[in-house]
């Protein structure tokens with residue numbers, strides 16, 4: 001019978017955000033996040049794709065000086081992927097901590113991105129971490145771990161993409177303090193694009209104006225409007241010297257829709273601000 005060994009907890013320095021991420025607040029989300037951390041309250045970041053949810057959590061991890069354990073949730077992600085599992089290593093069976101276990105033990109921030117995409121058993125694991133109990137059950141080990149004082153659970157949720165099947169249950173949603181992020185106001189978004197991509201302010205301003213017009217196409221069948229992230233990508237390609245048509249098509253047309261009529265509508269919007277000949 002092989003010996004059972006508990007693996008060493010990975011050094012939390014491997015998960016620290018060393019350099020200050022660039023982040024311009026939309027409102028009071030930084031203060032709200034900090035108060036939630038101080039009071040051991042879990043946070044749900046709510047907003048569309050590319051609205052700054054991931055950048056906010058990276059910025060707050062840096063500001064609070066806590067290691068950040070990020071998990072991109074998907075349909076095959078289960079509780080065991082978060083808590084850990086035994087693996088065979090040579091003649092021994094070794095326990096490997098999952099990212100949630102590492103965050104609980106190291107007193108870090110666990111960030112479950114698009115948590116609604118994960119399997120249902122994930123909620124069984126995270127619920128005890130969202131109230132006064134603040135513990136995690138490791139059934140495979142037959143142990144309960146109390147979260148350290150500095151542990152924080154953060155999840156993100158994009159309600160624009162979720163169907164009835166993928167909707168978060170109220171029993172989960174109401175356990176979190178909600179921080180809502182939308183696409184930034186025009187002046188703020190222009191500053192973000194100018195800073196992130198290093199393009200002229202005038203180019204950033206045109207991209208934002210075009211982006212806002214494209215977002216209005218959501219009412220005409222577009223699944224979701226162009227994100228701030230995609231506007232930064234567009235600015236980066238424009239700055240690289242790529243043709244305007246190629247740069248904008250690759251970032252503000254094709255990623256948004258494969259519907260040819262909608263693509264033509266987006267191109268017409270872009271022609272009002274950029275020469276695409």
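The values are calculated or read from the model by the stated rules, or taken from the named source; none is laboratory data. Since the structure is predicted, the reported quantities are computational estimates derived from the model, not experimental observations. Virtual Cβ from ideal backbone geometry, glycine too; neighbours counted across all protein chains shown.
Filtered by the rule that a residue be at pLDDT below 95, in a helix (DSSP H, G or I) and in contact with a helix residue (DSSP H, G or I) (Cβ under 6 Å, 6 or more places away or on another chain), region 1-42 gives a lone residue, 12.
Which ones in region 26-58 are free of Cβ contacts under 8 Å to residues at least 40 places away in the same chain and either in contact with a strand residue (DSSP E or B) (Cβ under 6 Å, 6 or more places away or on another chain) or closer than 30 Å to residue 190 by Cβ (or both)?
Within region 26-58, 27, 28, 30, 31, 34, 35, 55 qualify.
Of the numbered criteria (1) on the phi > 0 side of the Ramachandran plot; (2) in contact with a helix residue (DSSP H, G or I) (Cβ under 8 Å, 6 or more places away or on another chain), the one residue 142 fails is (2). Selection of region 99-135 for residues being surrounded by fewer than 23 Cβ atoms within 10 Å (Cβ to Cβ) and part of a strand (DSSP E or B) yields 113, 135. Within region 245-259, the set of residues being assigned to a helix (DSSP H, G or I), surrounded by 17 or more Cβ atoms within 10 Å (Cβ to Cβ) and either over 20 Å from the mean Cα position of the chain (by Cα) or not assigned by TED's automatic domain parsing to the domain that holds residue 192 (or both) comprises 247, 248, 249, 252. Checking the stated criteria, residue 173 turns out not to satisfy the condition of being closer than 30 Å to residue 87 by Cβ and surrounded by fewer than 18 Cβ atoms within 10 Å (Cβ to Cβ).
To keep it simple, each residue is scored yes or no on (1) assigned to a loop (DSSP other than H, G, I, E, B); (2) surrounded by 13 or more Cβ atoms within 10 Å (Cβ to Cβ); (3) in contact (Cβ under 8 Å) with a residue 24 or more places away in the chain.
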position: 137; (1), (2), (3): no, yes, no
position: 148; (1), (2), (3): yes, yes, yes
position: 184; (1), (2), (3): yes, yes, yes
position: 192; (1), (2), (3): no, yes, yes
position: 208; (1), (2), (3): no, yes, no
position: 214; (1), (2), (3): no, yes, yes
position: 217; (1), (2), (3): no, yes, yes
position: 234; (1), (2), (3): no, yes, yes
position: 237; (1), (2), (3): no, yes, no
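Restricting 202, 210, 147 to those that are assigned by TED's automatic domain parsing to the domain that holds residue 242 and farther than 17 Å from residue 51 by Cα reduces the list to 202. Every residue in region 50-98 that is part of a strand (DSSP E or B) and under 19 Å from the mean Cα position of the chain (by Cα), please. 68, 69, 70, 71, 72, listed by residue number.
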